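A short worksheet on the structure shown next.
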Amino acid sequence: MDPAALWKLSYGLYAIGTLDGRRPTGCIVNTVVQITSEAPTIALSMNKENFTYEAIKKTGRFAVSILSEQTSPNVIARLGFCSGRDTDKFSGNIFQWEEFDGLPIVRENAAAYFTASVLAMHAMETHVVILARVENTKSGTDYTPMTYKYYHEVIKGNAPKNAPTYRAPATTTDKWVCGVCGYIYDGDLSKEKDDFVCPICQQPKNVFKRS
Ligand code: FE
């Protein structure tokens, strides 16, 4: 079996928001699909290690913000590369958000929003598939929804290790990791200009550490 065949599947980028008690928390997923159109149901895939999964199990509800090509990479850095266990992801003005239907949504040029209530969950080896009924929708910007391919090729973002599309990086002699968001820079970072910033979280060169 050649796993590369599966790399041709298409994915998007979605901010999932839910509540840990009264505290908003969330994560980034790349797999959300509509299953039925009447009384719409959706399915999403999430790593079982995600703190957001634990919160959704308790609240039974979550919001989906469909990120666009104009969404700040900081949203992905903050929600996708930190854990809600030790980070208040929605604090500190890293990105704009608001409450919709009692759940946190990301107001950073997102293309659309919806809230959903959990119908069923099925745990697989590493991930859980969540089936949910759409409760409410809200329109967003007209910007093109971000695909995973765009994120990977234009923003040059990597999948966090717990994403279903994570690929182990090719072995190179020189590798630098952003201390803020985990972005991996392959090659000699010293050859970059002094004003180089992390393409994901926009932090300067000095936050990178050689791995
Ligand atoms: Fe970064």
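The values are calculated or read from the model by the stated rules, or taken from the named source; none is laboratory data. Since the model is a prediction, treat every value here as computed from it, not as a measurement. With ideal geometry, Cβ positions are generated from the backbone for all residues, glycine too; neighbour counts draw on all protein chains shown. With ligands, DNA and RNA removed, areas are computed over all heavy atoms of the protein, side chains included. Shrake-Rupley method; radii C 1.70, N 1.55, O 1.52, S 1.80 Å.
Residue ranges 36-42, 48-54 sort as 48-54, 36-42 when ordered by packing (mean number of other C-beta atoms within 10 Å per residue, highest first).
When only the Cβ of Lys, Arg, Asp and Glu is charged (+1, +1, -1, -1), the dipole of the range 98-137 relative to its Cα centre reaches about 140 debye.
Just add up the charged neighbours of T141: K/R +1, D/E -1, any other residue whose Cβ is under 11 Å from the Cβ of T141.
-2
Ligands, DNA and RNA left out, the accessible area of the range 1-110 computed with a 1.4 Å probe is 48% carbon and sulfur. Rounded to the nearest 5, the antiparallel percentage of DSSP beta bridges internal to the range 11-151 is 100%.
Let me check I have the definition right: for the range 11-151, take the eigenvalues of the Cα gyration tensor, multiply each by 5, take square roots. What are those semi-axes in whole Å, largest first?
Rounded to whole Å, the semi-axes are 20, 18, 15.
Quick check on packing: order 191-203, 144-156, 110-122 by the mean number of other C-beta atoms within 10 Å, highest mean leading. Before the final figure, lay out the partial values.
Working: 191-203: 14.6, 144-156: 16.3, 110-122: 17.8.
For the peptides 191-203, 144-156, 110-122, the packing ranking is 110-122, 144-156, 191-203.
Only DSSP H runs of four or more residues enter the estimate; each adds -39500 (n - 2.57), and after division by the residues of the chain the mean residue ellipticity at 222 nm equals -3000 deg cm²/dmol. The stretch between S139 and A43 holds 32.6 nm of extra length on full extension. This uses 0.36 nm per residue minus the Cα-Cα distance.
Judged by the mean number of other Cβ atoms found within 10 Å, the most tightly packed of the peptides 83-96, 66-79 leads the ranking 66-79, 83-96.
Distance from the C-alpha centroid of the range 93-167 to that of the range 1-75: 4 Å, rounded to the whole angstrom.
About its Cα centre, the dipole of the range 1-142 is roughly 260 debye, where the only charges are +1 on Lys and Arg Cβ and -1 on Asp and Glu Cβ.
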